[in-house]
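The values are calculated or read from the model by the stated rules, or taken from the named source; none is laboratory data. No experiment lies behind these values; they were computed from the predicted model shown. Methodologically, a virtual Cβ is constructed for each residue, glycine included, from the backbone with ideal geometry; neighbour enumeration extends over all protein chains shown.
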Amino acid sequence: MARAVCPGSFDPVTSGHLYVFEQAAARFDELVITVVVNPAKRGMFSIAERMDLIGEVTGHLPTVRVDKWEGLLVDFCRDSGIETIVKGLRSGTDLDYEAPMAQMNRELAGVDTLFLLTDPRFAHVSSSLIKEIAKLHGDVEAFVPAPVFRALTARLAGERQV
Ligand code: PNS
């Protein structure tokens, strides 16, 4: 059984991420989307909220499982019997950032990284830009799946009332 992991912060998951999940799910028997916990960083959404949103937007992908992990990604791979990490690339800048991690993960544990180009429609989309634009009342509906747009709108409406 060929298993892969798509790791990330996913705060929140975007349409660019979803495109890569769909591409990856078509290539493996099981795809585990793992929210990597960074205790030093408090996100807009909790880990549980991020996982719920990923579950909701990948409901049409039956071989996807959503998980979370704190620690070295290669340890997650070893514990879960995963041989491949899948990462989406938007640009050469992403590759420059990702390549040393991919090399390191291969050296640490023999786990290879498969890079998939995102759809050009989402080449400029990142979770951090989405949050910044949404906080400043910009329209991000075209860049995130509908449940994420609703969650962002509700979260920011709540904050503005405080
Ligand atoms: O969505 P992000 O924040 O760009 O994802 C980066 C992430 C979480 C996938 C990366 O930082 C990671 O793999 N963290 C786990 C800790 C780890 O294994 N670090 C060593 C990498 S060689």
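Some notes on this structure:
- Residue ID - farthest from the ligand (Cβ to nearest atom), chosen from residues in the range 96-124 that are without any contact (Cβ under 8 Å) to a residue 24 or more places away in the chain and acidic (Asp, Glu): 96
- Looking across 138, 81, one residue alone is surrounded by fewer than 14 Cβ atoms within 10 Å (Cβ to Cβ) and in contact (Cβ under 8 Å) with a residue 60 or more places away in the chain. It is 81.
- Count of residues meeting criterion [under 13 Å from the mean Cα position of the chain (by Cα) and away from the ligand (no atom under 14 Å from the Cβ)] in the range 54-85: 6
- The single condition from (1) over 19 Å from residue 144 (Cβ atoms); (2) within 13 Å of the ligand (Cβ to nearest atom) that residue 88 fails is (1).
Residue-wise test of (1) under 24 Å from residue 108 (Cβ atoms); (2) modelled with pLDDT of 95 or more; (3) part of a strand (DSSP E or B); (4) touching a Cys at 6+ places or on another chain (Cβ under 8 Å).
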{"residue": "35", "(1), (2), (3), (4)": "yes, yes, yes, no"}
{"residue": "39", "(1), (2), (3), (4)": "yes, no, no, no"}
{"residue": "48", "(1), (2), (3), (4)": "no, yes, no, no"}
{"residue": "59", "(1), (2), (3), (4)": "no, yes, no, no"}
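- Across the range 16-37, the qualifying residues are those that are buried (at least 21 other Cβ atoms within 10 Å of the Cβ) and among the small types (Gly, Ala, Ser), and the one among them that is farthest from the ligand (Cβ to nearest atom) is 25.
- Looking only at residues of the range 84-118 that are under 17 Å from residue 20 (Cα atoms) and of a type in the set (Val, Ile, Thr), we find that the one that is surrounded by the most Cβ atoms within 10 Å (Cβ to Cβ) is 85.
- Residue within the range 62-72 that is over 24 Å from residue 149 (Cβ atoms), out of contact with any Asp or Glu (no Cβ under 9 Å at 6 or more places or on another chain), among the acidic types (Asp, Glu) and assigned to a helix (DSSP H, G or I) present: no
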